[in-house]
Amino acid sequence: MSDDINQASQTGQTDEPDQAQDGESPVPAKRRMGVPRKPRVAPDSRLERAVAAENVGDAETAIEAYRREIAADPNFGLAHAGLGSLLLRIGRLEAAVESLTTAARLLPTNPSPPGSLAMALLRLGRASEARVFAKRVTELTPTAFPAYRLLADCCQAAKDLRGLVEAYTAAHEALPTNAEVLLLLAKAMINANRNERAVNTLKAAFERIKPTPTLLGLMGDAYLRQNKIEEALDAVNRALAMEPESQYAVMVLARVRWAEDKADEAGALLEKLTPPLESPAVVTFAQVRRRQKREAEAEQMLLELLERANAMDDGLMSAKLVLGSIRESQGRYDEAFEFYKGGNDASLARFDPEGTRKFIDSLIDVYHAWKAPTYARGDPTDVPIFIVGMPRSGTSLVEQILASHPEVFAAGELSDLEIIAQRACRRLGIQPRPYPIYMPALTREQVLEMGRPYLDRIRATAPGATRHTDKMPHNFRHVGMIWQLFPNARIIHCRRDPIDTCLSCYSISFNASHAYSNSLEGLAFMYAQYRRLMQHWRTSLPLNLLEVVYEDLVHSPEEWSRKIVDFAGLPWNEKCLDFHKTKRAVLTASVDQVRRPVYDSSIGRWQKFEPHLKPLIDAMGDLAHVPG
């Protein structure tokens, strides 16, 4: 592979990337082209004059020499390749693409032309096209890490998070003992919300290579994102025993302390790190500083990060969203919205509206009112309470009220139902079919077996609890499965003003499973699908359901807290009114809210941003101000 490809795939740049709007260099090439650090050797005697000119930095003479040889032999692939590579280095990108496309056709087994072509297309903003040629390079050089790095860069520029994971997965399979590849793969998996897979990949790799502090820190991060705090701390402590200032390990430990409402301890941990900090650590530090009422420091940290970050920095989204929140707290709403928009625009996650619509359709069809009563039902336990709704609709507040009751264990947001749904066919030994298509045909024994892992987990984590809450909001999609697996489970549906809900989602950094929240149009679409599905559940299934409207809970906290506790089948306890005093780790975006008494400042928040929300309000139509 050429030096150009190796360098470009690692830095995203060639020698001097100045470029005119039409893809041609605005500066004379002879003045712009540097002398190669190592003299090039002509791969063919006919190219000696061109290569000699390149070696002394005379690009125009080299270009003329290449073109002379091409005129003499239009099928001279090495000449097209040399010319294209030179044009790429001096920033004449459109011309480089033309030459390198020809070279890639004439030299089908040479990885250099498609690699250089991918780089030229990438710099022209044509990432999807670039990815095709980068993929070809990995096929031609299956053990060359720079080839996979180039492919990953193309996927990242194309905002294809799934492709990014696939690129590094292929690299890891080809280079199973390369720690750098493993590091990048684990990061990509975590960013794609494939946390369990990240942990399993790291565990398997540790049988071949020695764990490093950074890799163990990443494992801790993946565990923490699954609400597995003990496992996260175990990985982090192993890392810190090896390297006390390991950034990822310290960052994860600081997040745990922050979740436990120990912001000063979290800040003290992060203060010990030696700059420069990686982007995720900077964002974590800024959030901790905000919790410590040191907002000016937080703002400065994030602004400095944005100055040095490149467009593909994986911390860019979170940094901009936190800055938006800071600007909002200062009353600078236009600036705040620009940061919110910039953060969401930086996301790599893609939303699939049509796939979402089809999935909701399938749920409605499977759990139709005249079909569902014939389905096998599962364990009659009344321990689980599922708190569902759109994110940012009050689910954390309801959970915290219940968590303050001595007979309740609050587990936070569990991804278990999603995992159970996806693995059921393999686990039960039935014909593979998409969820929920296979649900009607299950026998009672299969339904019991399907629900057993969930019950095993809650019994292991809180064996003495009378009630166990799971506040994964998106379990609204799995209400039918909950009704089937756990007939006596309670479901609390949290509702809030739709525009406030969507704005709150837009201003928070979510994982990739919430890709709809990265645009106002996506939020409007998802909200409509959520409303459609919840209305179906209400009218089609005999649910043990309580509806809680956030605004009602805020305006009448005691009345609604008593209703929630009574619905849970528990005696009243005054601690439920002092929920903000309950000490427990809270790992969701609402961590600050549940540390304070009930407040109403978030009601009608959308009005401060009304000029920017027209696309959302118009798309929602009649749904805009009627809580779900």
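Condition (residue is crowded, with 21+ Cβ neighbours inside 10 Å, outside any strand (DSSP E or B) and either acidic (Asp, Glu) or in contact with a Phe, Trp or Tyr (Cβ under 7 Å, 6 or more places away or on another chain) (or both)) applied to the range 369-390: is it met by at least one residue? There is at least one residue in the range 369-390 that is crowded, with 21+ Cβ neighbours inside 10 Å, outside any strand (DSSP E or B) and either acidic (Asp, Glu) or in contact with a Phe, Trp or Tyr (Cβ under 7 Å, 6 or more places away or on another chain) (or both). Do we find that residue 395 is hydroxyl-bearing (Ser, Thr, Tyr), in contact (Cβ under 8 Å) with a residue 12 or more places away in the chain and open to solvent by 10 Å² or more (accessible area, probe 1.4 Å) in this structure? So residue 395 does not fit the description; no. The residues of the range 115-126 that are open to solvent by 10 Å² or more (accessible area, probe 1.4 Å) and touching a Cys at 6+ places or on another chain (Cβ under 7 Å) amount to a single one, 122.
Just one residue in the set 387, 401 is at pLDDT 95 or above and within 24 Å of the chain's Cα centre (by Cα); that residue is 387. Among the residues of the range 444-472, which ones are part of a loop (DSSP other than H, G, I, E, B) and open to solvent by less than 20 Å² (accessible area, probe 1.4 Å)? Selection gives 462, 471. Residue check: residue 512 meets all listed conditions (1) open to solvent by less than 10 Å² (accessible area, probe 1.4 Å); (2) at pLDDT below 95; (3) of a type in the set (Gly, Ala, Ser) but one, namely (1).
Note on the range 545-628: enclosed helices (runs of 4 or more DSSP H) holding 3 or more residues that are more than 28 Å from the chain's Cα centre (by Cα) are 550-555, 557-567.
Scanning the range 132-162 for residues that are open to solvent by less than 10 Å² (accessible area, probe 1.4 Å) and either at pLDDT below 95 or more than 11 Å from residue 174 (Cβ to Cβ) (or both) returns 134, 137, 150, 152, 154, 155.
Check 103, 71 and return the single one that is of a type in the set (A, V, I, L, M, F, W, C), assigned to a helix (DSSP H, G or I) and surrounded by 18 or more Cβ atoms within 10 Å (Cβ to Cβ).
Step by step, each of 103, 71 is checked, and only 103 is of a type in the set (A, V, I, L, M, F, W, C), assigned to a helix (DSSP H, G or I) and surrounded by 18 or more Cβ atoms within 10 Å (Cβ to Cβ).
Of the residues making up the range 115-174, those that are in a helix (DSSP H, G or I) and either aromatic (Phe, Trp, Tyr) or more than 21 Å from residue 100 (Cα to Cα) (or both) number 18.
Looking only at the range 327-340, residues that are over 19 Å from residue 286 (Cβ atoms) and of a type in the set (D, E, K, R) come to 1 in all. Find all pairs meeting these conditions: Cβ atoms under 6 angstrom apart; at least six residues apart or on different chains; first residue within the range 289-300 and free of Cβ contacts under 8 Å to residues at least 40 places away in the same chain; second residue assigned to a helix (DSSP H, G or I) and of a type in the set (Lys, Arg). Qualifying pairs under 6 Å: 297/289; 298/289; 298/290. In this structure, does residue 69 turn out to be more than 26 Å from residue 147 (Cβ to Cβ), in contact with a Lys or Arg (Cβ under 6 Å, 6 or more places away or on another chain) and modelled with pLDDT of 95 or more? When the stated conditions are applied, residue 69 passes them.
Taking residues in the range 593-614 that are without any contact (Cβ under 8 Å) to a residue 24 or more places away in the chain, and partners anywhere that are of a type outside the set (A, V, I, L, M), the pairs with Cβ atoms closer than 7 Å and at least 6 places apart or on different chains are 596/580; 597/580. Restricted to helices (runs of 4 or more DSSP H) entirely inside the range 268-349, those with at least 3 residues that are touching a Gly at 6+ places or on another chain (Cβ under 8 Å), open to solvent by less than 40 Å² (accessible area, probe 1.4 Å) and not polar (S, T, N, Q) are 279-291, 316-329, 333-345.
Number of residues in the range 417-476 that are out of contact with any helix residue (DSSP H, G or I) (no Cβ under 8 Å at 6 or more places or on another chain) and among the β-branched types (Val, Ile, Thr) equals 4. Considering the range 420-443, the residues that are small (Gly, Ala, Ser) and open to solvent by 10 Å² or more (accessible area, probe 1.4 Å) include one that is nearest to residue 371 (Cα to Cα), namely 441. Restricting attention to the range 156-181, the residues being touching a residue at least 40 places away in the same chain (Cβ under 8 Å) and among the polar types (S, T, N, Q) number 1.
The values are calculated or read from the model by the stated rules, or taken from the named source; none is laboratory data. Computed from a predicted model, the values in this text were never measured in an experiment. Methodologically, a virtual Cβ is constructed for each residue, glycine included, from the backbone with ideal geometry; neighbour enumeration extends over all protein chains shown. Accessible surface areas use protein heavy atoms only, side chains included; no ligands, DNA or RNA. Shrake-Rupley method; radii C 1.70, N 1.55, O 1.52, S 1.80 Å.
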